[in-house]
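One structure below.
The values are calculated or read from the model by the stated rules, or taken from the named source; none is laboratory data. This one's a predicted model, so the numbers in the text were calculated from it and none came from an experiment. Methodologically, a virtual Cβ is constructed for each residue, glycine included, from the backbone with ideal geometry; neighbour enumeration extends over all protein chains shown. All accessible areas refer to the heavy atoms of the entire protein, side chains included, with ligands and DNA or RNA removed. Shrake-Rupley method; radii C 1.70, N 1.55, O 1.52, S 1.80 Å.
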Amino acid sequence: MNKKIVGIIGGIVVIAAGIALYTSANNKSSDSNTNTSSSSSSKVTGKVLSLGSTALQPLAEQVASSFQDKNPGVTVTVQGGGSGAGLSQVSDGSAQIGNSDVFAEEKEGIDASKLVDHKVAVVGIAPVVNSDVQISSLTKTQLRDIFTGKITNWKDVGGKDEKIVVINRATGSGTRAVFEKNILDGQNAVQATEQDSNGTVQKIVKTTPGAISYLAFAYLDSDGIKALNLSGVHPNKANVEDNSWPIWAYEHMYTKGTPTGATKAFLKYFTTKEVQKTIVPKLGYIGLTDMKVTRDSSGKVSDK
């Protein structure tokens, strides 16, 4: 009789233990699913359209690629079109980010008060010529006289007897606005061939004897073109940093109001050390923290 009771009690214990193990396993599975769901929901997801400045485009594309590798739930599309297009489309809500080489305050028809400025880098801009042009430096006055049509032959500035072919950027280009603000001193540019992007200008200058234009530093490393010095000053990073080279601008990424979600995360990534100290200089741009001066929307330069 005692043996039977002991057997019954033993069976009950085994059954109870099995129930306990089953319940524990289910609870762990439930916890695991909850944690997985929580982890997944905390990841950044969404789509970001960033368009405008072609001077900023190579950097924006590279940073977008790196950001997407780290955040596979986000799709960032980077397009050109010029600073004017970037500011217009972010203003009307067609894009999450408007890329611009100029302050929104400088662009006619844009209500800068509705936009938030996110400076992500500095771009240097240099005059460039076809490699057959036999000069290496111009003064600011000579450069201005070429782009206003007063000088039309390279022999007049120390080169060979060859017609100067001016290639300009289209109206609305931030690169053009920066160049003209720093070089033309309010004078009107000569009527010339106009192109929409740095990439197109680069191709035309390298295939057109006697051609001159201007490009962002990121486009200078190409066969068939050469950058000109300005009164002997080289267009390089160090000279931009202290304003010895005057043709430079901030690269702005504007949002309509305070950014959220994937847009906020993408812009925050731009400020990381990985981007500012690695990707930015690798592509020929200057990091914000490397600048020794600042410039406001009126063009006033101040020491940091």
(request) State which residue is most open to solvent (accessible area, probe 1.4 Å) when the search covers only segment 106-145 and only residues that are over 27 Å from Lys300 (Cβ atoms) and not hydroxyl-bearing (Ser, Thr, Tyr). (result) Gln134
(message) When you scan segment 234-254, do you find a residue that is within 20 Å of Val165 (Cβ to Cβ), open to solvent by less than 20 Å² (accessible area, probe 1.4 Å) and not in a helix (DSSP H, G or I), even just one?
(response) no
(request) With respect to Ala265, determine if the residue is within 18 Å of the chain's Cα centre (by Cα), among the small types (Gly, Ala, Ser) and at pLDDT 95 or above. (result) yes
(message) For segment 252-290, give me each residue that is farther than 22 Å from Leu87 by Cα and among the basic types (Lys, Arg).
(response) Lys273, Lys277, Lys282
(request) Taking Ala227 as meeting all but one of (1) at pLDDT 95 or above; (2) among the small types (Gly, Ala, Ser); (3) touching a Ser or Thr at 6+ places or on another chain (Cβ under 8 Å); (4) buried (at least 18 other Cβ atoms within 10 Å of the Cβ), write down the number of the exception. (result) (3)
(request) Give the residues of segment 67-94 that are under 17 Å from Phe270 (Cα atoms), in a strand (DSSP E or B) and open to solvent by less than 30 Å² (accessible area, probe 1.4 Å), sorted by residue number. (result) Val74, Val76, Val78
(message) Can you pull out every residue in segment 179-206 that is modelled with pLDDT of 95 or more and open to solvent by less than 10 Å² (accessible area, probe 1.4 Å)?
(response) Phe179, Ile183, Leu184, Val201, Val205
(request) Report yes if some residue within segment 46-60 is touching a Gly at 6+ places or on another chain (Cβ under 6 Å) and over 17 Å from Tyr219 (Cβ atoms); otherwise report no. (result) yes
(request) Taking Ala218 as meeting all but one of (1) farther than 18 Å from Ala126 by Cα; (2) at pLDDT below 95; (3) touching a Gly at 6+ places or on another chain (Cβ under 6 Å), write down the number of the exception. (result) (1)
(request) Determine if segment 283-303 includes at least one residue that is farther than 24 Å from Gln62 by Cα, free of Cβ contacts under 8 Å to residues at least 12 places away in the same chain, open to solvent by 60 Å² or more (accessible area, probe 1.4 Å) and not in a loop (DSSP other than H, G, I, E, B). (result) yes
